[in-house]
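Some notes on the structure that comes next.
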Amino acid sequence: MPQDTTKKTQDPASLLDSAFRAAIAKALDEPGEHDPVIRAAQNPEFGDYQCNAAMAIAKKRGMKPRELAEAIIAEVELEGMVDPLEVAGPGFINIRLRAETLGEMLQSIAGEDLGIPAAGDGHSIAVDLCGVNVAKQMHVGHLRSTIIGDAIARLHERLGWKVHRENHLGDWGLPIAMTLSALRDAGTDLGTLELGDLNTAYRDAQLSGRSDRRGLEGALENGCGPHRVIELEEQNAGAEVNIANAKETLIKLQSGDPGLVEDWNAIIDCTMREVFDTLGLMNVRIGPEHNRGESFYKDILPEVVEAFIESGLGVEDNGAIVVRFEDRERPLLIRKSDGGFLYATTDLAAIRHRVQTLDSERLVYVVDARQRDHFRDVFDAAHLIGWDRTNNDVQSDLHHLPFGSVLGNDKKPLKTRSGENFTLRALLEEAIERGSSEVIERSKDEKSPTHGNSESELRLIGRAVGIAAVKYADLSSGVVKDYVFDLDRMIAFEGDTGPYIQYAHARICSILSRAAAGEIKFEDAPFLIETPEEKKLALALLKYRRTVLETADQLEPHRLCGYLHELANLYSAFYQACPVLKADAEAVRGSRLRLCDLARRTLASGLELLGIESPERM
Ligand code: ARG
C-alpha cells in the first residue's frame, strides 16, 4: 500500500502506527520491526486508540509488559498531539488525541481531494469485467462482474492508477459459428435482428449440435425397438452434420471470408446494442472502447501454444497439448487433438497482452467463483512461462476475484416465475420502478424536500435509488458470498442499504442549503471538536483515506460499504446530539457546519467510488 510521507495528511491510525513502531524499535534497541497493534479503543473513557503490542513482545523476551509499555512511552514522539499517555491493565497504552490535533487533521483533509492525493506514479491495472457472450442475453452473473469490476476500477482510478477496463467478450469459437451457420441457413435478416431472437437461435443451434450417444446406446441395450433406434440414429447423424457445418463456417470466418465476417459483426453489434443499453441503466463506466474479446487474440493462439512447446512446458498427451503442474493431477489443456484452441489458450494470450503490452502490474479478474480452477491453472501456467513479468521485470499480481451467485428468496439461483433465468435488464427495470415509486410516495409529504418536484425529476431520483439498492447489496455482503436478491430489503431507507446512505447524504444537503439560504458563511471556521459525538464523527472522517487505500489494496468493496454505513450512522448520532444551525455560539455553528460539509463530501465521494449516485434531495 502506498504510504504517506507527510504527517499532515495522515490519518490518526497511520500516524500512531508509525510513531509507535519507531518507539518500540528504540525501546528494544534491536534490529527488526514490530507491529505496534494500534486499535480503536473499546471504551472511549480510556481514550481514542490503544497500542496493544507490549504484552506479546514482552512475553517472548521474558520482560515485564508494563515496564516495556513505560519504555515505549518514554520513546514515542508525538509532539503534543496526544494527552499524556497512560499504561493500563497488563500493559495496554491508552492514547487520547488532543482536540487541537483533531482540528488540524480535519483541516488537512478538508480540501478537494479529502486527503487522498492521486499518486499518479504510473501504476497500471487491468480489470477483467462484464465478459458478456455474443448472441446471449446478459444474466445476473454479468451484473456482479460489471458492478464489482467497475468499483475496483474506480477505486484504482481515484488513487491515480492507469486503469484498463477489459471486457473479455465471448465473441469467438464454435458455438458462435454454429449460431451463424444456423442463421444463414434460415436466411435470417441480420440487420433487423433483436437479441431475443439471437438468443433463441443460439440455443437452438446448441441443441441441434448435441448428439445423444448415451440415449442411442441405452435404446440398443434395452431393445427399445427399431423406431426409437432409427430416430436416435438420425438425430445423432444430424448433430454431426451440424457440427461439421459449424466447423467449416469457423474456418471460413477465420480465413476472413468477407460475407461471414460481415454477418459475424452484425451479431456482435446486435448483442452489444442491448448490452450497452442495459449498462446505461447502471451508471457504470464501460463502453465499446473497452471491448477486447476472445477474437482479439485468435491469431496469436498458435504462437501461444508454440511458446509452451518450445519451453518444454507444453507436452503432448494423446495428440493434444497440455501443461502439467507439480502439485495437482489436473493438467491444463491448451490445444485439442483436432488442433482447436480453448478458452484457456485465449486467457494465456490475454495475460501476456495485459502484463507485457499494457504493462499492468495488477490483473484482476472479476469472474464467477465457478471458474476458480480455470484461473488457478491459467495463472500458474503464465507464471511458469514468465508471462506474469512486466517489461520492467516487475512480477504482476494476478488475481481472480471470484463472486458468488445471486439467489432468489427460495435460496436457489434467481429465476423468473416461469422458471427462466432473469435477464439483467428485467431485474434493473424492476429495481428502478421500485425506487421511483418509493421516491414518488415520499414526495407526497408536504415536509419532504422533493414535495412539488415534477414527475420526471422524481423518476430520475428514483432511478438513482433503485440502482443504488442493487449495487450496494451486491458490493456490501462480501464479493465471494452468494446473496439473496430481496428488493424489499435492498431498497429500504433504513438499515444497511444504499438508499440509507444516499438519504443521509441528502439530509446533509438540505441542512447546508438552509445555511446557504441564511447566508451563513462557514468555509474558514476552525474545527472545534468538543462533544463525544463530534469526536466520533471526526475520527470516522479521518479514517476515509485509509479505508479507500485498504479497499483498493485488498480488493474488498464491502469495506468501503461498511465504512460509509458507519459514517452515516455516526453522522445521525452527531446530528441528534449537537444542534447545528441552532448552535449556541457562532464558532461552534461554523465548526459543525464544516463537519456536515465534510461528511457530505465524504459520503458522496465514497458512493461515487462504488458507482452510486448521490442525489441532493430524496
Ligand atoms: N465470457 C465468460 C463467461 O460468461 C466470462 C469471461 C471472463 N474473463 C476471462 N478473461 N475469462 O463465463
*over 23 Å from GLY122 (Cα atoms), free of Cβ contacts under 8 Å to residues at least 24 places away in the same chain and more than 11 Å from the ligand (Cβ to nearest atom) - does that describe any residue in the stretch 402-410?*
yes
_I'm trying to understand the selection: among the residues of the stretch 351-365, which are assigned to a helix (DSSP H, G or I), within 12 Å of the ligand (Cβ to nearest atom), crowded, with 23+ Cβ neighbours inside 10 Å and not charged (D, E, K, R)?_
ILE351
*Quickly run through the stretch 366-410 and pick out the residues that are charged (D, E, K, R), more than 22 Å from the chain's Cα centre (by Cα) and in a helix (DSSP H, G or I).*
ASP377, ASP380
*Residues of the stretch 550-574 satisfying the condition of being touching a residue at least 12 places away in the same chain (Cβ under 8 Å) and out of contact with any Ser or Thr (no Cβ under 9 Å at 6 or more places or on another chain)*: GLU550, THR551, ALA552, ASP553, LEU555, GLU556, GLU566, ALA568, LEU570, TYR571, SER572, ALA573
_Is it the case, given these coordinates, that ARG370 is within 11 Å of the ligand (Cβ to nearest atom), at negative phi and modelled with pLDDT under 95?_
yes
*Is one or more of the residues making up the stretch 539-557 exposed (fewer than 15 other Cβ atoms within 10 Å of the Cβ), part of a helix (DSSP H, G or I) and among the basic types (Lys, Arg)?*
no
*asked:* Given the criteria of a type outside the set (Ser, Thr, Tyr) and surrounded by fewer than 17 Cβ atoms within 10 Å (Cβ to Cβ), does ASP171 qualify?
replied: no
*Looking only at the stretch 338-350, which residues are among the aliphatic types (A, V, I, L, M) and either assigned to a loop (DSSP other than H, G, I, E, B) or closer than 13 Å to HIS164 by Cα (or both)?*
LEU342, ALA350
*Which ones in the stretch 137-174 are over 12 Å from the mean Cα position of the chain (by Cα) and within 11 Å of the ligand (Cβ to nearest atom)?*
MET138, HIS139, GLY141, HIS142, GLU166, ASN167, HIS168, LEU169, GLY170, ASP171, TRP172, GLY173
*asked:* Can you say whether LEU114 is within 16 Å of the ligand (Cβ to nearest atom), among the aliphatic types (A, V, I, L, M), out of contact with any Asp or Glu (no Cβ under 6 Å at 6 or more places or on another chain) and under 30 Å from GLY149 (Cβ atoms), as far as the supplied structure shows?
replied: no
*Find the helices (runs of 4 or more DSSP H) located wholly in the stretch 444-523 whose residues include 3 or more that are in contact with a Cys (Cβ under 7 Å, 6 or more places away or on another chain), and list them.*
455-476, 498-517
*Can you name every residue in the stretch 287-337 that is assigned to a strand (DSSP E or B) and of a type in the set (Lys, Arg)?*
ARG324, ARG328, ARG330, ARG335
*Among the residues of the stretch 480-500, count how many are touching a strand residue (DSSP E or B) at 6+ places or on another chain (Cβ under 8 Å) and free of Cβ contacts under 8 Å to residues at least 40 places away in the same chain.*
0
*Yes or no: ARG328 more than 16 Å from the ligand (Cβ to nearest atom), out of contact with any strand residue (DSSP E or B) (no Cβ under 8 Å at 6 or more places or on another chain) and of a type in the set (D, E, K, R)?*
yes
*asked:* Pull out all pairs, ordered by first then second residue, where Cβ-Cβ is under 8 Å, the residues are six or more apart or on different chains, the first lies in the stretch 200-223 and is touching a residue at least 24 places away in the same chain (Cβ under 8 Å), and the second is among the charged types (D, E, K, R).
replied: TYR202/LYS136; SER211/GLU240
*Scan the stretch 411-436 for residues that are surrounded by 14 or more Cβ atoms within 10 Å (Cβ to Cβ) and either over 27 Å from the mean Cα position of the chain (by Cα) or of a type in the set (Asp, Glu) (or both) and report the count.*
3
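The values are calculated or read from the model by the stated rules, or taken from the named source; none is laboratory data. In this text, all values refer to a predicted model and were calculated from it rather than measured experimentally. Here the Cβ is made from the backbone with ideal geometry for all residues, glycine too, and neighbour counts use every protein chain on show.
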